[in-house]
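Below: one structure, written as structure tokens.
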Amino acid sequence: MRKITYFLSTIILFVFTNEINAQLFVKDNSYVYNKGTVVYVSDYVNLEGDIDVNGTSGNFYLRQEGQLLQSAATVASTNTGSGKLSVFQEGTVNNYAFNYWCSPIGNGSLTNDFGITLLGVPTNIILPATPAPTIGYNPISFTTSSYNGFATNGAVTISSYWIFKYSIPSANYATGWQPVGPATTISAGQGFTMKGVSGDDSTDVGESAVNNPALIDSQRYDFRGEPNDGTIAITVAPDLFTLTGNPYPSAIDLSAFLTDPLNNRLDGKAYFWQQDKTINSHNLADYRGGYAVYNGFSGIHTPAPLLSYMLDGTPIVGPIPPESTSYLRRFSPVGQGFMVRGESPLPAVPSPIVAMRNDYRVFRKEGAGVVGSGNVNLTQFERNAQASTSIDYGFYDDIINVAGIDYTQISKAPTPQIKINSTLNGNAIRQVIIGFMNSATDGIEKADTKSPNTGEAALPMDVYFVINNTEFINNVTTFDINKRFPIGFKNNGQVTASFKLQVYEFVNFEAAENVYLYDGLTGLYHNIKNNYYDVVLAPGVYNNRFEITFLNNVLEIENNIADNFIIVQNNPNQLLTIANPNLLDVKSVVLYDITGKLIFNKLSLGAQSNYEFSTVTLSEGVYVVKLNTVDDKSVTQKIIIKKIN
């Protein structure tokens with residue numbers, strides 16, 4: 001094995017423009033500087049020397065999204081030395097919004113623990129100096145007396161009040177959230193929360209922007225310590241969440257992590273916190289946020305419904321927020337934290353643990369790809385409010401990875417899908433998605449995404465697909481024009497609620513011309529591809545009434561039978577009148593209000609030329625008439641009842 005050793009008595013700046021594949025040793029009083037590319041190390045990294053504030057240890061600087069890959073290992077990290085690897089990531093500036101993080105470095109202990117005292121703020125580009133380069137950063141400070149952090153030129157102060165990790169609930173931490181503050185007790189692979197800062201920092205350290213541009217919500221942090229490497233275990237439990245993330249100083253292929261058979265104890269999804277950053281409050285009751293979901297098996301990302309919360313954390317629905325941001329998630333960047341959930345029940349084989357492995361590491365720079373932009377970068381740290389809903393999945397040709405995956409053989413097109421938006425009583429937006437994969441089945445599988453809002457996290461009102469009596473926000477299957485998708489509505493309030501449904505977007509899908517919401521109670525099909533349909537429902541759960549379809553199965557029959565009847569609401573006389581000139585035998589006439597409540601059901605009406613039904617006692621509003629003939633043909637029609645003096 002080739003070994004690269006740096007013995008530098010004078011300062012030499014190494015800028016890698018090509019991949020380097022070797023064991024890496026950086027001698028005390030030396031440094032390596034990698035600008036915008038990848039260093040590939042086939043064994044361990046040794047950064048020699050004692051920690052020295054003057055910068056004389058053997059240090060390794062990753063700049064302009066330079067990244068470090070280390071080859072596949074099944075054991076714990078063998079990285080050594082007291083020198084430091086330094087890598088940047090930008091988080092939200094907003095004092096009131098959380099980022100979920102996972103550190104790429106640690107303090108060099110057995111578990112390579114991390115704490116916010118290992119964070120710094122960059123102060124300059126690494127430049128020659130005597131006898132060694134300046135270290136190029138100031139350690140961050142923290143406050144325990146304020147909820148707010150702030151930034152000035154060359155300095156950042158973080159409020160330690162918002163530093164939490166999250167794992168399986170225990171006797172000491174019943175909710176699973178554990179306060180960390182400034183302590184160095186976050187193990188490699190553990191995620192943590194941290195709010196942003198106010199202020200700005202115009203220091204230019206040679207990146208694409210200054211540290212904290214004025215009016216741009218992005219604060220740069222400098223992670224410095226021993227780089228994480230090797231297999232990192234993650235604790236999971238059946239149907240419970242764990243906060244983890246990307247623990248390496250490189251991007252990872254999140255889909256590879258979630259779909260690895262060795263990680264079959266995961267449910268195959270990653271859950272990302274998203275928050276309305278226009279709300280400037282630390283009060284939980286003022287928050288607007290929720291969890292977006294990335295499904296590693298289908299590649300489908302579903303944005304979060306931004307919800308409000310009671311003081312005990314119970315989600316409620318308040319005024320409708322800005323539309324939730326959509327991010328590309330397959331390639332997770334340096335520092336990104338997310339939740340995972342254990343499969344229920346946990347499989348016993350093939351592995352008793354869930355783990356991050358070097359196999360998932362890739363070199364991929366950050367950026368949101370937008371159709372027509374030519375931008376093919378596929379990672380995005382969740383830091384700001386810039387949406388990317390039209391996605392160019394780009395070319396994978398230039399991805400460098402540890403596992404030897406040929407990304408040129410992976411489809412560049414997104415999974416065909418239909419996105420359907422529903423407003424929950426004019427408040428939060430719930431998006432549900434139908435996806436199509438040739439390998440999918442009609443039953444429950446990991447390509448389907450179970451709703452994260454069940455059990456204690458259930459919403460007072462919601463929309464979801466019903467698969468085997470379980471709530472899902474994604475239903476992935478093979479395409480068949482005749483398929484029907486049961487869709488459920490939940491209204492746990494005390495009064496009626498409105499659910500407005502409409503197709504939001506077709507993604508890589510052209511196989512169906514229309515999309516309908518079918519109401520099994522009224523027999524009506526409502527086209528929701530180009531128009532929204534407003535469903536008003538009384539309190540209750542409606543899991544067996546509605547379906548999403550691609551065909552209006554009664555359209556042709558109704559068109560034929562409708563020619564035989566004239567249905568009119570005679571408001572001056574307060575009568576519903578039906579003309580039957582061809583004297584067809586009528587089995588029933590049923591009247592519903594717009595919520596689907598049965599008003600009356602007139603049976604065995606026979607073959608008469610006219611029928612009249614009093615509406616004098618009915619309130620003003622929209623109603624649905626359904627007429628059925630004895631030969632099981634039917635026609636439905638809306639009427640409007642108005643009071644005329």
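General observations
- Screening PHE546 on (1) under 20 Å from ARG484 (Cβ atoms); (2) modelled with pLDDT of 90 or more; (3) open to solvent by 20 Å² or more (accessible area, probe 1.4 Å) shows it passes everything except condition (3).
- For region 188-202, a residue qualifies if it is surrounded by 18 or more Cβ atoms within 10 Å (Cβ to Cβ) and either at pLDDT 95 or above or on the phi < 0 side of the Ramachandran plot (or both), and the qualifying residues are ALA188, GLY189, GLN190, GLY191, PHE192, THR193, MET194, LYS195, GLY196, VAL197, ASP200, ASP201.
- Residues of region 590-645 classified as surrounded by 13 or more Cβ atoms within 10 Å (Cβ to Cβ) and among the hydroxyl-bearing types (Ser, Thr, Tyr), total: 8
- Filter result for SER588 (in contact with a Gly (Cβ under 7 Å, 6 or more places away or on another chain) and of a type in the set (Gly, Ala, Ser)): no
- When each of ASN543, ASN582, ASN530 is tested for being within 27 Å of the chain's Cα centre (by Cα), outside any strand (DSSP E or B) and of a type in the set (S, T, N, Q), the lone residue that passes is ASN530.
- Hits in region 471-493 (condition: polar (S, T, N, Q) and open to solvent by less than 40 Å² (accessible area, probe 1.4 Å)): ASN474, ASN475, THR477, ASN491
- The number of residues in region 79-130 that are modelled with pLDDT of 95 or more and of a type in the set (D, E, K, R) comes to 1.
- Reported count of residues in region 468-506, each being more than 19 Å from ALA538 (Cβ to Cβ) and over 21 Å from the mean Cα position of the chain (by Cα), is 11.
- Only one entry in ALA270, ALA251 is of a type in the set (A, V, I, L, M, F, W, C), touching a Lys or Arg at 6+ places or on another chain (Cβ under 8 Å) and more than 22 Å from ASN112 (Cα to Cα), namely ALA270.
- Residues of region 213-227 satisfying the condition of being open to solvent by less than 40 Å² (accessible area, probe 1.4 Å) and either assigned to a loop (DSSP other than H, G, I, E, B) or not charged (D, E, K, R) (or both): PRO213, SER218, GLN219, TYR221, PHE223, GLY225, PRO227
- Filter result for ASP585 (more than 18 Å from ILE641 (Cα to Cα), touching a strand residue (DSSP E or B) at 6+ places or on another chain (Cβ under 9 Å) and of a type in the set (D, E, K, R)): yes
- Failed condition for SER145, given (1) in contact with a Pro (Cβ under 8 Å, 6 or more places away or on another chain); (2) at pLDDT below 95; (3) at negative phi: (1)
- Yes/no for ASN453 being within 18 Å of PRO303 (Cβ to Cβ), assigned to a loop (DSSP other than H, G, I, E, B) and open to solvent by 10 Å² or more (accessible area, probe 1.4 Å): yes
Condition check ((1) modelled with pLDDT under 90; (2) over 30 Å from ILE473 (Cα atoms); (3) of a type in the set (Val, Ile, Thr)) across all residues:
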position: ASN531; (1), (2), (3): yes, no, no
position: ASN559; (1), (2), (3): yes, yes, no
position: ASN570; (1), (2), (3): no, yes, no
position: GLN574; (1), (2), (3): no, yes, no
position: LEU584; (1), (2), (3): no, yes, no
position: ILE594; (1), (2), (3): yes, no, yes
position: PHE613; (1), (2), (3): no, yes, no
position: GLU620; (1), (2), (3): no, yes, no
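- Screening VAL205, VAL210, VAL236 for residues that are in contact with a Ser or Thr (Cβ under 8 Å, 6 or more places away or on another chain), within 24 Å of ARG330 (Cβ to Cβ), of a type in the set (A, V, I, L, M) and assigned to a loop (DSSP other than H, G, I, E, B) leaves exactly one candidate, VAL236.
- In region 169-187, the residue that is modelled with the lowest pLDDT out of those that are hydrophobic (A, V, I, L, M, F, W, C) and under 24 Å from GLN219 (Cβ atoms) is TRP177.
- When region 286-324 is filtered for residues that are open to solvent by 50 Å² or more (accessible area, probe 1.4 Å), at pLDDT below 85 and out of contact with any Asp or Glu (no Cβ under 9 Å at 6 or more places or on another chain), the ones remaining, listed by number, are ASP286, MET310, LEU311, ASP312, ILE316, PRO319, ILE320, GLU323.
- For region 402-447, a tally of residues being assigned to a loop (DSSP other than H, G, I, E, B) and either under 30 Å from LEU68 (Cα atoms) or open to solvent by less than 20 Å² (accessible area, probe 1.4 Å) (or both) returns 13.
- Of all residues assigned to region 164-181, at least one qualifies as being open to solvent by less than 20 Å² (accessible area, probe 1.4 Å) and over 26 Å from the mean Cα position of the chain (by Cα).
- Selected residue (only one of ILE135, ILE163 is among the β-branched types (Val, Ile, Thr) and at pLDDT 95 or above): ILE163
- Filtered residues of region 507-519 (kept if within 23 Å of PHE479 (Cβ to Cβ), over 26 Å from the mean Cα position of the chain (by Cα) and open to solvent by less than 40 Å² (accessible area, probe 1.4 Å)): ALA512, ASN514, TYR516
- Count of region 89-107 residues which are open to solvent by 10 Å² or more (accessible area, probe 1.4 Å), farther than 17 Å from PRO182 by Cα and assigned to a loop (DSSP other than H, G, I, E, B): 4
- The one condition in (1) in a strand (DSSP E or B); (2) free of Cβ contacts under 8 Å to residues at least 24 places away in the same chain that THR617 fails to fulfil: (1)
The values are calculated or read from the model by the stated rules, or taken from the named source; none is laboratory data. Please read these numbers as outputs of a predicted model, since none were measured by experiment. Ideal geometry is used to build each Cβ from the backbone, glycine not excepted, and the neighbour counts take in all protein chains shown. Keep in mind that these areas ignore ligands, DNA and RNA; they rest on the heavy atoms of the full protein, side chains included. Shrake-Rupley method; radii C 1.70, N 1.55, O 1.52, S 1.80 Å.
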